[in-house]
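Quick notes on the structure that follows.
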Amino acid sequence: MLKFAFKRAAQTIFVLFGVSIILFLVMYVVVPGDPARAIAGKKADKSTIKAIHNKLGLDKPLYQQYFTYTANLAKGDLGTSYRYRRPVQEMLAEAMPATFVLALAAIIIEVILGVLAGIYAYVTKIKFIDAAITAGSAFLISVPVFWLGMILQYTFGIRLNLLPVSGNNYFTSLILPAITLSAISVAVVIRILKTSLKENQNADYLLVARAKGLSESQVLYKHQLKNALIPTITYIGMDFGALMTGAVATEIVFNWPGVGLLIRDAILERDIPVIISSILVLVVIYILFNFLVDIAYGYLNPKVRAGEKVA
Amino acid sequence: MNILEVNNLTIGINQNGCQFEAIRDLSFGIAKAEVAGIVGQSGAGKTLTALSIMRLLRKEAFIKKGQILYKGADLATEDMAKIRGSQIGLVYQNPFTSLNPAYKISSQLLECTGSVKEAKELLELVGLKSERIFDSYPHELSGGQCQRVCIAMAIAKQPQLLIADEPTTGLDVTIAAKIMELLVGIAKDKKISLILIGHDLGIMAKYCHRLMVFYHGSLVEEGSVNDILDKPKHSYTRKMIDCLKKPKSHYHPPTNHQLPALLEFKQVVKKFPTRRRLFRHHTLEAVDNVSFKLNEQETVGLVGESGCGKSTLANLSLGLLKPTSGDILFQGQNINGLSKEAKKQRQIIFQDPYSSLNPRMKIKKIIEEPLCIYKVGDKQARTKRVNELLELVGIAQKDAEKYPHQFSTGQQQRITIARALALNPKLVVLDEPTSSLDTSIKAQIINLLKELGERFKMSYLYISHDLAMMPLIADRIIVLYQGRIVEQGSAKDIFKNPKHSYTQLLIDSVPML
Amino acid sequence: MLKRYLGLFLIAIVVIISFLAPLIIKHNPLSQKFPSFKTPTINHPFGTDELGRDLFSRVVHGVRSSLVNALFAVSLALLAGLIVGMVSGYYGGFVDSVLMRIVDIFLAFPYILGAIVLMVVLKQSSFSVSVAIAAFLWASFARLYRASVLEVKEKDYVKAAIAMGAGDLRIMTRHILPNSVATLIVYATLGVGSAILAEAVLSFVGLGLQHPAPSLGLILSDAVNYLDRAPQMMWFPGFFLIILVLGFIMCGDGLNEYIRS
């Protein structure tokens, strides 16, 4: 198990480096136009530009620039916004809590609604309900998040005038964005749970458990569910990172002042350091979450704990 | 009074919208404290019978008519929760999948017994050291240990009837024998009635008092073991008995004239780096200091249980793996530097014919492929050769345009033989070529191989776990145990006076009459 | 059985509408000569938008560009995934490790975010959109395809071909490819669905196609501001988008079932 954790940690560090290289290249090499000019403004003369070049280290060889870049990242320096002349880390620190709260609310909905509906769809004898849940979740998977947000906004905010359609003022303004953000995940959880329940319904150990004299509910809730929950829990764990990143579109629709809105505004302003660094932070969160979930999965699944590789 | 009475049982199966009867009009009884065996090939309805007694048939199967009486009460109207486990116990086919991988053994045992103490006593009863096993997960145990745990669970509530459905599937012969002895021993001690289900008449005859022979969903014959073996009435039973008798009655005549060595292993060692996944099923078998010779026109049988290094040897002899140390010579040349011409001389035939034929290629293309690879002849010559080969193995020429799945398993194996022969090889490695075939077809394929081998002066390296088949084809037998050769000699010598204790064990576990 | 064809049917409907209907309703998707925010009429089946453009022609042209961009992106990703997956799976060892670590890095990006990063630096055109999507889609294709190559590689017919002395190229093209390509096609079909979604998201956040080009994501991003006055700007592009995505997903699932049976 320890070996597995070390291996995963090494892999994660490698991936983080890869990501930083890609983003570095995008930011400092491929970006059209001179960043110094973007910082200094259009009217700056040559000597100012040169001074900025010197200050940013843009006249040094590429690999040195990369080292400076990563060293700055390690220090928590994510660059300076072109538009606001503020450190990006400050702007992110302001926006991050809102995104975190949104993702957390979404994951709570996902766990409760997804797991219950998944089990219910599997257990129910009423074919219609099963079909409705299954079809509904298949449909949700193909709906763009932002469109779903607009529909909810239109129905509950404009037509029924029940809930606020934007902002971050009250608990009630969290409801619609959280439902929007969790919708696809709920659908996926239902699908995964139902499929894995179905997949192991013919497992020999269930037959043996019945032959031991256990009741149907003991067989379902003890033997069948635990095995079926493993992929579901893995998915939910990884999903938190994904929800943080998926929040971008939701935040735009609901004007929710998180990282997504920050990115959109930066896109409109062509404020490249803000865009790239925000995305860097989201990707890092996503990667770290995957890592943590993998480790936790190892504890859940005895086979991984023993050091086997489970695909 | 019989403890179990099955009357006119008919089981239907729904498959893709059609319905058929998998078991027809089955009636039998099980007496108190007897060991009754149900024998038949796969698909004969043995497992369905077991599951219908437990009322655990899969969704698609259902009892069409007939009744099952346990102590005179119809099980259709009984509360099965009170019967399963406490009255009738079940030991199921595959020990690896019979235990829930997510729970420790302790937790699964405690579902059947009241106290930890009882559970530990049970483990000792089935011959397991309770402390270590108790806290293990199923995947940490060997197959034999898993099956012992399953037996412990099945007898925990002291049932009067125990059904063991092919309880040794996937286990090595030596372990299988111990499991069978354990089951029969427990039945005897506790005076439980035991229904043993199996496909191997020889093994069943050894452990049962009475046998029931199933064939295509019907009970075709039943009686005491001696009656069935001495005076079989049904042709299928006779066929099974014939298969058992063959090895003793005549040995394949050994070739006495010495021919030069074709394949030679000189102190070959193959080690695999310790792999992170310690999954038993996939552990690659190492080979330790193996030396032997395979002469021209000779057939050497390589026998041993799974994991002994057989497949590694097969791969080594074809150059698919490289030895860690030692030399492998083919026609006197080191196998690593073989010329293209020499490579053509070696072919292999695998265990499962279907998976060794590319499902997206026509038979014609499959047989032609070796010719294409070595650019033998033009298109016309190749087609002619393909037709020739098809005729040799007994496949109609018009079938050349078909795809592999349109043939029976036996025919598929004939096709792989045709492909192996295409380049007129000197050496053919046969990796368990008959173990996925039915008994009657087995013999046909062996005979075909023998005939072709003699006709085209080929050498075979015949690899199998089945010692019983060896004398039919092998001139010499090599016994492999844990990567080492423990014994080699003529088939007759090996059977008559085995020197190594492991060989003796193998012979004992081979059902022979 | 029905489900298998339902996906194809949905795609067909959208394609037929978007390619044939403009022959009857001939408005220029860019012309602003109509009154703004008109509700649907016979002449303007979907109404008009804030600048008085005919919404129907804008949606229909948006569907076309969505389809074309997504298909192009998936073809690029498919080609890269096929080659990398095959080489990685077949040769294994060092080559495999290097390729898979690269794939790891690309998979670490939730791929919409990856596409956003690329779109920030690429020239904004429909070609760049496809490239940006493909740049992060190929990695999952490569990973999935490698798995099926590994599976097929273990089959006895491949071992038999190796034992026969067949060359690498022959084994890859004759034995492995025909027996593994089916799964890749399933992923690709599902991939078209997600590429369409990704394209819409990119346009929605302002990084895909730019005004005034007709694009579903762009219409929807305008619609956010006019929900109270012109809900038709939300409904119609959304429906078309969903039907298209659903069509491809169902088609992929159907294909998958067909292959397995």
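The values are calculated or read from the model by the stated rules, or taken from the named source; none is laboratory data. Computed from a prediction, not measured in an experiment: that's the story for all the values here. Quick reminder, even Gly has a Cβ in these numbers, built from the backbone with ideal geometry, and neighbours come from all protein chains shown.
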Counting only residues that are within 10 Å of another protein chain (Cβ to nearest Cβ) and farther than 22 Å from A:Met27 by Cβ, the range A:271-300 contains a total of 2
Criterion first (assigned to a loop (DSSP other than H, G, I, E, B), in the same structural domain as B:Glu454 (by the TED database) and out of contact with any Pro (no Cβ under 9 Å at 6 or more places or on another chain)) does B:Asn424 satisfy it? yes
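For the condition in contact (Cβ under 8 Å) with a residue 40 or more places away in the chain, of a type in the set (A, V, I, L, M) and within 10 Å of chain A (Cβ to nearest Cβ), what is the one hit in B:Leu56, B:Leu90?
B:Leu90
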Exactly one of B:Leu278, B:Leu294, B:Leu316, B:Leu321 is at pLDDT 75 or above and part of a loop (DSSP other than H, G, I, E, B), and that residue is B:Leu321
Only unsatisfied item for A:Ala242, checking (1) aliphatic (A, V, I, L, M); (2) surrounded by fewer than 24 Cβ atoms within 10 Å (Cβ to Cβ); (3) over 16 Å from the mean Cα position of the chain (by Cα), is (3)
- Task: Look at C:Val224 and say whether it is part of a helix (DSSP H, G or I), at the interface with chain A (Cβ under 8 Å from one of its Cβ atoms) and surrounded by 22 or more Cβ atoms within 10 Å (Cβ to Cβ).
- Result: no
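In the range B:380-393, is there at least one residue being without any contact (Cβ under 8 Å) to a residue 12 or more places away in the chain and either closer than 20 Å to C:Lys153 by Cβ or of a type in the set (A, V, I, L, M) (or both)?
So far as the range B:380-393 goes, yes, one or more of its residues are without any contact (Cβ under 8 Å) to a residue 12 or more places away in the chain and either closer than 20 Å to C:Lys153 by Cβ or of a type in the set (A, V, I, L, M) (or both).
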Quick count over the range B:159-178, residues being farther than 27 Å from B:Ser501 by Cα, within 12 Å of another protein chain (Cβ to nearest Cβ) and polar (S, T, N, Q), is 0
Within the range C:209-221, the residues that are within 26 Å of C:Cys251 (Cα to Cα), of a type in the set (Gly, Ala, Ser) and within 11 Å of chain A (Cβ to nearest Cβ) are C:Gly217
So for the range B:336-354 (the condition being assigned to a loop (DSSP other than H, G, I, E, B), among the acidic types (Asp, Glu), within 13 Å of chain C (Cβ to nearest Cβ) and surrounded by 19 or more Cβ atoms within 10 Å (Cβ to Cβ)), does at least one residue qualify? yes
Quick one: is B:Glu388 within 12 Å of chain C (Cβ to nearest Cβ) and outside any loop (DSSP other than H, G, I, E, B)?
-> no
Taking the range A:253-270 and the residues there that are surrounded by fewer than 24 Cβ atoms within 10 Å (Cβ to Cβ) and touching a Lys or Arg at 6+ places or on another chain (Cβ under 9 Å), the one that is nearest to the other protein chains (Cβ to nearest Cβ) would be A:Arg270
Scan the range B:27-42 and tell me whether some residue there is within 26 Å of the chain's Cα centre (by Cα) and within 14 Å of chain A (Cβ to nearest Cβ). no
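If I filter the range A:199-214 down to residues being assigned to a helix (DSSP H, G or I) and over 19 Å from A:Pro231 (Cα atoms), which single residue comes out as farthest from the chain's Cα centre (by Cα)?
Taking the candidates together, the pick is A:Ala211.
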Restricting attention to the range B:336-351, the residues that are modelled with pLDDT of 85 or more and touching a Ser or Thr at 6+ places or on another chain (Cβ under 9 Å) number exactly 4
Of (1) closer than 21 Å to B:Ser317 by Cα; (2) in contact (Cβ under 8 Å) with a residue 60 or more places away in the chain, B:Pro370 satisfies every one except (2)
Taking the range B:104-150 and keeping residues β-branched (Val, Ile, Thr), within 13 Å of chain A (Cβ to nearest Cβ) and not in a loop (DSSP other than H, G, I, E, B) leaves B:Ile105, B:Val149
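This table checks each residue for (1) small (Gly, Ala, Ser); (2) more than 29 Å from B:Gln411 (Cα to Cα).
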site: B:Ser311; (1), (2): yes, no
site: B:Gln333; (1), (2): no, yes
site: B:Ser339; (1), (2): yes, yes
site: B:Lys344; (1), (2): no, no
site: B:Arg360; (1), (2): no, no
site: B:Lys365; (1), (2): no, no
Take B:Glu78 and tell me if it is in contact (Cβ under 8 Å) with a residue 24 or more places away in the chain, over 20 Å from B:Met153 (Cβ atoms) and within 14 Å of chain A (Cβ to nearest Cβ).
no
TODO: Return yes or no: is A:Pro273 part of a helix (DSSP H, G or I) and surrounded by fewer than 19 Cβ atoms within 10 Å (Cβ to Cβ)?
DONE: no
Note on the range B:151-178: residues modelled with pLDDT of 90 or more and either part of a helix (DSSP H, G or I) or β-branched (Val, Ile, Thr) (or both) are B:Ile151, B:Ala152, B:Met153, B:Ala154, B:Ile155, B:Ile163
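Being crowded, with 19+ Cβ neighbours inside 10 Å and assigned to a helix (DSSP H, G or I) is the requirement here; does B:Met212 meet it?
It is false that B:Met212 is crowded, with 19+ Cβ neighbours inside 10 Å and assigned to a helix (DSSP H, G or I).
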The residue that is farthest from A:Gly114 (Cα to Cα), considering only those in the range A:234-252 that are touching a Pro at 6+ places or on another chain (Cβ under 8 Å) and facing chain C (nearest Cβ under 7 Å), is A:Ala249
The lone condition C:Met234 fails out of (1) within 11 Å of another protein chain (Cβ to nearest Cβ); (2) surrounded by fewer than 19 Cβ atoms within 10 Å (Cβ to Cβ); (3) assigned to a helix (DSSP H, G or I) is (2)
Among A:Phe67, A:Phe6, A:Phe14, the single one that is at pLDDT 80 or above and within 11 Å of another protein chain (Cβ to nearest Cβ) is A:Phe14
Practice problem: For C:Leu6, state whether it is over 30 Å from C:Ala132 (Cβ atoms), assigned to a helix (DSSP H, G or I) and at pLDDT below 85. | Solution: no
